[in-house]
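Chemist: The structure is given below, and queries will be raised subsequently.
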Amino acid sequence: MNSRGEAGRLRRSGIDVIGEVPWGTHFCQFYQTHQDLLELLIPYFRAGLESNELCMWVTSEPLGVEDATKALRKAVPDLDRMIRRGQIEIIPHTEWYLLGGTFDKDRILNGWVRKLNEALARGYAGLRLSGDTLWLEREDWQSFTDYEEVINSVLGNYRMLALCTCSTNKCGAGEVADVIANHEFALMKRGGEWVMMESSTVRQAKQALQIANEELAAGAEELERMNEELRVVEDELRAQIEEQSRTEMALRESEERYRGLFDSMSEGFALHKIICNKHGVPVNYLFVEVNEAFERLTGLRREDVIGKTVLEALPGTEPSWIDTYGRVALTGEPARFESHSTPLGKWYDVYAFSPRRGQFAVLFSDVTGRKRRERELDRLNRTLAAHNRSSHAMMRATTEQEYLDEVCRIVIEDCGHAMVWIGYAENDASRSVRPVAYSGFEEGYLETLGITWADNERGRGPTGTAIRTGKPSMCRNMLTDPRFEPWREQAIKRGYASSIVLPLVSEKEAFGAITIYSRDPDPFTDDEVALLSDLADDLAYGITTIRTREERDRAEAALRESERLYRAIGETINYGVWVCAPDGRNTYASESFLKLVGITQEQCSDFGWGEVLHPDDAESTIAAWKECARTGGTWDIEHRFRGVDGQWHPVLARGVPVRDEQGAITCWAGINLDISRLKQAEVSLADARAEAEQRAAELESFFASMEDGVMLLDSQGRIVLSNKTAAAVLGVDPSSSLTDRVKKAGGRRLDGTPMPVEETAADRALRGEVVSDARCVVPSEEQANRVLSFNSSPVRAADGNVVGAVVVFRDITEQVEFERQKDELFEREHRIAQMLQQALIPPQVPAEVGGFRIGVRYQPALREAEVGGDFYDVFELGNDRLAVLIGDVAGKGLAAAMRVAAARHAIRSYAFIDPRPAHVLTLANEALCKDNTDPHSMLTAFFAVIDTATGKMAYTSAGHEPPLLCHASGVIDELWFAGMPLGVEASSTYSEAAATLVPGDTLVIVTDGITEARATGPVLFEKKGMIEFLSTDAADSPSSTASGLLDAATKHAGGHLQDDAAVVVVRLECGTPTT
């Protein structure tokens, strides 16, 4: 029966323009804007949620899942709870229409039916859905139109409402016509109002209905006339009927006999007619006849099913039943199978056959009890197997964790549950439950638990309750059990439906629990609970046994380690430890003692140790030992043993009796101490005392002869010992302190300011500081500016505390005066060299010559370093020629600066005469060699002449750092060129090379102050550092490039260059013509 005709089946659409509609309504909405779409879909889904319908919203851009959810949440404040409960799903079209990347209409149709069955099984009134078509491409349109046609033809048989949404921005006239033709009506906005447009099929049906009503009125009159004629015929038929009734009575008697047989059958019987869609695919079936056993076995009344389809009588029937019966009805091949009916909640053994094409009959019996018993028996057998395997696991496990992991794995493999985990009860502030092992489908679930066994919300769940009470606890249905609310959402996501928790009990107290999750509601029978409880008890016993075994193993290992330790300690003592029986017989002697005297343990136990005693000690020692053993006194004696080396070794033997709780001696224990060193020390001490007295006399004589002043101070700074020099220079008074003497003498710093006491060498040493060459002025009657240099160090006791100081000083007045004069001479020479070098470094070079822009940078080394020998020069030679020179003179100071002057002026002069680079350096080398009196004074140089009209460059090098040529393309070449440094060999000649610069090319020349820049480590800046900088340099001028390169080298050197550095950058600008 079509669901549209069922009373009370009208549903609120939520859309004012259409009001209520029956189940099976299939309509569409044409929209232009995002807001148009929401105007109808929001009230449409809100009405469905309020009417207890399962809702599905398949979205497409421009309205994605996030925007759709956000818009619907404004109208349905409780939306998030409904999403978690599963009453509404909002998904993208790629997860429904294009699942797997393709559009399959049969998969989508079956998907809607499955969703409807799911809705009905979960207690919802039906399914309300909506899908957008904006995702459709031109090649998919025909397939989608066919799909919509099938939907429109079969939707009336289901408790579904379907609203399709189409964008008018993407649909042409043909597509709009297709959409309207395959829907009952369409909604479109006109003049700001939504209007309803019916399809041609609906209009034709209404026109046909109007014509039929008119014909019915005309036919009423004809009917009255015919009634009169029928009355006449009725009388004639009455006689015939009486005869027929007698025949029918006989037929009924026969039928009743067969009906009695039919109804007395123990098996259920039903005759059905299969229902197919227009493509011949079975989609439903109709009840034609049933027997009494059918009613008994299904719980359905005959009058409630005859004439109805299975989806009307049993909503939620699985498609597999329809598919199987369809094959029987259409092929005539019988089928025998067992299957479960979800709507009825029972298992049936079914035999289906086809009495005629398009029909099928079934004979069936209820096997639910057998299935349940089989399932329970199977579960019990699997649980029993798990129980047995876990017992074996305990015997095999070497550690507690290995045992826990194996039990979890066994429960999953043998019992087939979804997940199992074991947790231990912690006695922390929150009484938390710590997961220690798990197996099965977990997917991060344990991280979300936050379970406690305290009596609070997160402790009243199954696990916390089982630990707290020490009894098993179950959650029969996670969807409905209020105790499971804190974990419900995460559990349902992973497919869990119920759980059982068994406490792990030891000594009548639960120390943890094993929790088992099932995919089925309320699956655990009493017998299975009993077996699982036994498994949990065995698990708790196994854990306790393994812990006891591990503790015993640790104790035994500790005992063995302790024995090894004490034995090792005994062996570290020369001659070691010994143990004797209460009667005095030795039972153990250290290996070191036995080796010393050359006897065995057996010989020692038989009083063999007395045979190696010194003759003078033997009798008295043995007698004293026997007396000590008799009286139970303390053993303490010195005696000598003969060693295997033939020497007599003095030994101090000490021991005490070891008594039991009653005071009886159980053994004697003691040590043999090697006192040979002690005896030797006594002799050595006497020798050392005599030697020390001699050394003291020698030291006193040495101090007296020293030219430096020497003093020994106590912790208060008082002078304990001083030599004659100290007394003569400082006028030492032993009763006063050295700091007082310096202060009294007017001691001051070298700059003339008074020296505070805490800065004196003596005071600093008494504070623990070692002082070297601390200078101060200590005037004397003969010399007002006498300078003394003090060295001092603290004297420390054994505990590290300072107990005095040693101070040594000498008069360095003449040395200080010499250093002052030397510094003045150096400073004068340094200033002359600086002035000369500054005069040689061109104060200004041309910024641009013939399209070539020039940038130079020079930086001297640290301020305290000597004047360096780096120089550069850039000058015009006339006739479109530009000369570039850079060099570095070996050495520093005034001589280096003068060498720079000679070299720069020689090269400049020769360049103006003949600008060929090789010729210039050859002449300059001859001149420098004639003027060079120092064979080690040489210089390196790079000299180039550039034709600014053509970009051609001729260059040569005298042992200088090779320049880098950075091409406009980004490639960087090194212009390597060999040549002897200038000023070394007068006969040296130089050759030259050539290169051509094009617009955008840059020539970079440096001295070794750049390439050899480094901090404290071994890594130099080198050419590698230059290339790395130049590869990323984006400076717009040669001056910026020169500055940047100098900064990069300085940064690499830790902020300070150790040598002078010069950088010259020449760039041919882009757009500059060359010929």
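Chemist: Rounded if a/c is under 1.5, else prolate if a/b beats b/c, else oblate: with a ≥ b ≥ c from the C-alpha gyration tensor eigenvalues square-rooted, which is the range 1-131?
Modeler: Judged from the Cα gyration tensor, the range 1-131 comes out rounded (a/c under 1.5).
Chemist: Give the lysines reachable from residue 508 as a straight Cα distance under 16 Å; neighbours fewer than 8 places away on the same chain don't count.
Modeler: 471
Chemist: Taking amide H atoms as placed 1.01 Å from N in the peptide plane, list the residues 5 or more away in sequence, or in a different chain, whose amide H sits under 5 Å from that of residue 996.
Modeler: Counting only residues 5 or more places away or on other chains, the set is 953.
Chemist: What whole-number distance in Å separates the alpha-carbon centres of the range 944-997 and the range 127-153?
Modeler: When both Cα centres are located, 78 Å separates them.
Chemist: Quick check on the range 268-366: take the gyration tensor over C-alpha atoms, sort the square-rooted eigenvalues as a ≥ b ≥ c, and tell me if it's rounded (a/c under 1.5), prolate or oblate.
Modeler: Since a/c stays below 1.5, the shape of the range 268-366 is classed as rounded.
Chemist: Okay, moving on. Quick one: if the Förster radius is 25 Å, what FRET efficiency do residue 447 and residue 469 give, using the C-beta to C-beta distance and rounding to 0.05?
Modeler: E(calc), rounded to 0.05, equals 0.45.
Chemist: Taking 0.36 nm per residue of sequence separation and subtracting the Cα-Cα distance, how much length would be gained by fully extending the chain between residue 681 and residue 94, in nm to one decimal?
Modeler: That works out to 201.7 nm of additional length.
Chemist: Here is a follow-up. Using only Cα atoms and rounding to the nearest 10 degrees, what angle (0 to 90) does helix 526-572 make with the longest principal axis of the chain?
Modeler: So the inclination is approximately 10 degrees.
Chemist: Subtracting the Cα-Cα distance from 0.36 nm times the residue separation, let me have the gained length for residue 806 to residue 1047 in nm, one decimal.
Modeler: The span from residue 806 to residue 1047 would gain 81.8 nm if fully extended.
Chemist: How tilted is helix 676-705 with respect to the longest principal axis of the chain? Cα atoms for both, answer in degrees (0 to 90, nearest 10).
Modeler: With both axes taken from Cα atoms, the answer is about 50 degrees.
Chemist: Amide H of residue 667 versus every other amide H placed in the peptide plane: which residues, excluding those fewer than 5 positions away on the same chain, fall under 5 Å?
Modeler: 658
Chemist: Multiplying the sequence separation of residue 799 and residue 196 by 0.36 nm and subtracting their Cα-Cα distance, what value in nm do you get?
Modeler: 206.6 nm
Chemist: For the chain, just say rounded, prolate or oblate: build the C-alpha gyration tensor, square-root its eigenvalues into a ≥ b ≥ c, call rounded for a/c under 1.5, and beyond that prolate if a/b exceeds b/c, oblate if not.
Modeler: The shape class here is oblate.
Chemist: Along the charge dipole of the chain, which of 671, 438, 1004 sits closest to the positive end, that is, farthest toward it, with unit charges on the beta carbon of Lys, Arg, Asp and Glu (+1, +1, -1, -1)?
Modeler: Result: 438, furthest along the dipole toward the positive end.
Chemist: Please give the FRET efficiency for residue 952 paired with residue 1032, using the beta carbon to beta carbon distance and R0 = 25 Å, rounded to the nearest 0.05.
Modeler: Taking R0 as 25 Å, the efficiency between residue 952 and residue 1032 is 0.30.
Chemist: Can you work out the FRET efficiency for the pair residue 494 and residue 289, with r the C-beta to C-beta distance and R0 = 60 Å, to the nearest 0.05?
Modeler: Step by step, r from the Cβ atoms, then E = 0.85.
Chemist: With label points built 7 Å along Cα→Cβ from the Cα atoms of residue 708 and residue 916, find their separation and express it in nm.
Modeler: Between residue 708 and residue 916, the simple spin-label model gives 6.8 nm.
Chemist: Translational D (Stokes-Einstein, µm²/s) of the range 615-670 at 10 °C and 1.306 mPa s when Rh comes from the Kirkwood sum over C-alpha pairs?
Modeler: The diffusion coefficient I find is 126 µm²/s.
Chemist: Something else: Nearest 10 degrees is fine. How inclined is helix 368-396 to the longest principal axis of the chain, computing both from alpha carbons?
Modeler: Result, in degrees: 20.
Chemist: Helix-only estimate, please: 222 nm mean residue ellipticity of the chain, summing -39500 (n - 2.57) across DSSP H runs of length 4 or more and dividing by its residues, to the nearest 500.
Modeler: So the helix-based figure for the chain works out to -13500 deg cm²/dmol.
Chemist: I've got another one for you. What are the aspartates and glutamates whose alpha-carbon lies under 12 Å from the alpha-carbon of residue 346, with same-chain residues fewer than 8 places away excluded?
Modeler: Here the aspartates and glutamates satisfying the reach criterion relative to residue 346 are 338, 366.
No lab work stands behind these numbers, since they all come straight from the coordinates. Remember, predicted model here, so these are calculated numbers, not experimental data. Note that each Cβ is placed from the backbone with ideal geometry, even for glycine, and that neighbours are counted across all protein chains shown.
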